[in-house]
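Where a number appears in this text, it was derived from the coordinates with a stated rule and is not lab data. Since the model is a prediction, treat every value here as computed from it, not as a measurement. Positions of Cβ are backbone-derived with ideal geometry, glycine not excepted, and every protein chain shown enters the neighbour counts.
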2 protein chains.
Amino acid sequence: MNTTSVSHSDLLNASAVEVRTAIRSGAYKGHTAGLAAGKLQCNLAILPQRFALDFLRFCQRNPKPCPVVGVGDTGDPALPTLGGDIDIRTDVAKYRVFRNGALSDEVTDITDEWADDLVTVALGCSFTFENALQRAGIPVRHIETGLNVPMFRSDIDLVPAGRFGGQMVVTMRPIPENQISQAQEISRRYPQAHGAPIAIGDPAEIGIADLSRPDWGDAVEIRAGEVPVYWACGVTPQNVLLDAGLPLCITHSPGHMLIADVAEDAETTILTNQ
Amino acid sequence: MNTTSVSHSDLLNASAVEVRTAIRSGAYKGHTAGLAAGKLQCNLAILPQRFALDFLRFCQRNPKPCPVVGVGDTGDPALPTLGGDIDIRTDVAKYRVFRNGALSDEVTDITDEWADDLVTVALGCSFTFENALQRAGIPVRHIETGLNVPMFRSDIDLVPAGRFGGQMVVTMRPIPENQISQAQEISRRYPQAHGAPIAIGDPAEIGIADLSRPDWGDAVEIRAGEVPVYWACGVTPQNVLLDAGLPLCITHSPGHMLIADVAEDAETTILTNQ
């Protein structure tokens, strides 16, 4: 597009609407960590309507990895409960298009992919509770060190629905032992963002062989006095969708989230209920 | 049925499974207030699959009146995430069967109505936060006086989905002015049970003409120093289903709830995630 491009630092004080506008125009194509502070950021899953009921059942049965924060009408790219002007075809900086269970394209606009039978599901993301941990003075290692959060396939079975099922993906953050109960209490306040930890301590207990070799993201240092703490991860629904082998399914690219107008600490994720 | 009948007081110390068993056998046909203390009780909506996606979208968009706590597979009367042995055809003491938007029958068993295309949706209920208010020493007038909670049609518009929409039904509880912020804080902790109040004070602001004439339930006294406080009500989805004029839809009868094995203060309403 013939648009002046903007950088992540140019957008640090921009509102949610301003960031979405920069993304929509093609001026910004980067990740959204740290942008539109205080606003809810969302994982994205777009799939054909005939799979949507089972996918919503799957999310309801697995609320910690798959907290639903918005669902569009079939064929409608708007998400008015998350933001008045959202057009899901253009308002995410980078999308992944999957066909028959395999990555087909990574694109910055899905207008050409959009179809009358598609349903958008927005899911909460860990940025929300990470911000709350940091505000409480609890260190978040991967942010401090400029890395991606380490993510691992666990052996925790998901509750299946239709063709959707498998095992939970978890993130790991090393937390000082004396701040673990505070970290639990804080993250539990955000059921729309994975809630309280799924497990604490020994990685073998949830089927993780080696914390220094994450399945996605970067390994982070666990210092003396720190304990690995595991939270349900938004990569879970992406993996489950991939394994389901849908003819078409579209997600955001990691780190390139949908930014909503909803406050991340609002009681509900519905604009009109606030 | 040829079963010895049991009374509400016979069941006061019974577990959730024991109460469901008494209901299933036909021995107990009464209301469930105060039974299986500490367990989640649920509103019930059973509808044909072709309406289920829109109904789940409707609930997602209106989480305070319609908090989804369980969804069954199509045609399957089990709800394993709420209780291992639940059979939704027999485990509620009284059901209302609606046909084409009108009450058709009130029955104690829906085995004859069950069909392969039906989907069960369980929704949270106000018993959960009322118990928490009482534990905190906040009076709940209708319980103290042995009445039903007063319920009112408000003018608060719901966010529509498909054929589902309308206005919110609210409950009213008079709360001493100096305990309102505590009541807000406590009920907000239960998003699966209507959450924090929707409105406080003047009934006219939410379209209620006369607090002494509830649309359902009983009027309760508002004493000196007390303020009327309004919460979203589980009658909302029942009303919305009725107005939608579905060919068939089944709900519980007021006060005759589904009792789950899930603790009412659990982080999620999913047995296997706890």
**Item:** Degrees between helix B:235-244 axis and first principal axis of chain B (Cα, 0 to 90, nearest 10)
**Value:** 60
**Item:** Relative contact order computed over chain A (Cα-Cα under 8 Å; 6+ residues apart), in percent
**Value:** 29
**Fill in**
The Cα extents of the stretch A:127-236 along the principal axes, largest first and rounded to whole Å, are 42, 29, 24
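If we sort B:192-199, B:4-11 on the protection proxy, mean other Cβ atoms within 10 Å, highest first, what's the order?
Highest to lowest by the protection proxy: B:192-199, B:4-11.
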**Fill in**
The set of residues whose placed amide H lies less than 5 Å from the amide H of B:VAL69, leaving out same-chain residues fewer than 5 positions away, is B:ALA122, B:LEU123, B:GLY124
**Item:** In nm, spacing of pseudo-spin labels at B:ARG50 and B:ALA78 (7 Å Cα→C-beta vector)
**Value:** 2.8
**Item:** 5 angstrom amide H check on A:HIS252, placed H, neighbours 5+ away
**Value:** A:LEU44, A:ARG96
**Message:** Give me the net charge for the shell around A:ILE88: Cβ to Cβ below 13 angstrom, other residues only, Lys and Arg +1, Asp and Glu -1.
**Reply:** -4
**Fill in**
Sorted by chain and then number, the residues having a modelled amide H within less than 5 Å of the amide H of B:ALA37, at least 5 places away or on another chain, are none
**Item:** For A:SER212, inter-copy label distances in nm, listed shortest first [label point 7 Å out on the Cα-Cβ vector]
**Value:** 7.8
**Request:** Compute the separation of the alpha-carbon centres of the stretch A:117-139 and the stretch B:73-117 and state it in Å as a whole number.
**Result:** 37
**Message:** Is there a quick way to get the dipole size of chain B? I mean about its Cα centre, with the Cβ of Lys and Arg at +1 and of Asp and Glu at -1; what is the value in debye to the nearest 20?
**Reply:** 180
**Asked** What average number of partner chain Cβ atoms lie no more than 10 Å from the Cβ of the residues making up A:264-271?
**Response** 3
**Asked** For the residue pair B:ARG223 and A:ALA33, what label-to-label distance in nm results when each label sits 7 Å from Cα along the Cα-to-beta-carbon direction?
**Response** 5.6
**Size of charge dipole - the stretch A:128-179 - debye, nearest 20, with Cβ of Lys, Arg +1 and Asp, Glu -1, no other charges** = 140
**Fill in**
Nearest 10, in degrees from 0 to 90: the angle of helix A:49-61 to the longest Cα principal axis of chain A is 20
**Over chain B, equivalent-ellipsoid semi-axes from the Cα gyration tensor in Å** = 28, 22, 17
**Prompt:** Can you give the mean number of other chain Cβ atoms that lie within 10 Å of the Cβ atoms in peptide A:64-73?
**Reply:** 3
**Item:** the protein assembly as shown, Cα convex hull volume normalised per residue, Å³
**Value:** 157
**Net charge dipole size for the stretch B:127-236 [Lys, Arg +1 and Asp, Glu -1 on Cβ; Debye, nearest 20]** = 360
**Prompt:** What whole number of Å gives the distance from the Cα centroid of the stretch B:215-246 to the Cα centroid of the stretch B:169-186?
**Reply:** 14
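Over all pairs of distinct alpha carbons, what does the Kirkwood formula give as the hydrodynamic radius of the stretch B:12-59, in Å?
Evaluated over the stretch B:12-59, this radius sits at 13.0 Å.
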**Request:** Output the peptides A:225-232, A:122-129, B:178-185 sorted from most to least packed, where packing is the average of other Cβ atoms within 10 Å over each peptide's residues.
**Result:** A:122-129, A:225-232, B:178-185
**Complete:** Projecting the Cα atoms of B:VAL159, B:ASN148, A:GLY101 onto the charge dipole of the protein assembly as shown, where Lys and Arg contribute +1 and Asp and Glu -1 at Cβ, the residue farthest towards the positive end is B:ASN148
**Request:** Using the 4.7 Å Cβ rule, please list in number order the cysteines from chain B without any candidate partner.
**Result:** B:CYS42, B:CYS125, B:CYS233, B:CYS249
**Complete:** Here, trypsin sites (Lys or Arg not before Pro) of the stretch B:187-274 satisfying both criteria (DSSP loop; at most 10 other Cβ within 10 Å) are B:ARG223
**Request:** Report the label-to-label distance for B:ALA209 and A:ALA204 in nanometres (one decimal), using points 7 Å from each Cα along the Cα→Cβ vector.
**Result:** 7.2
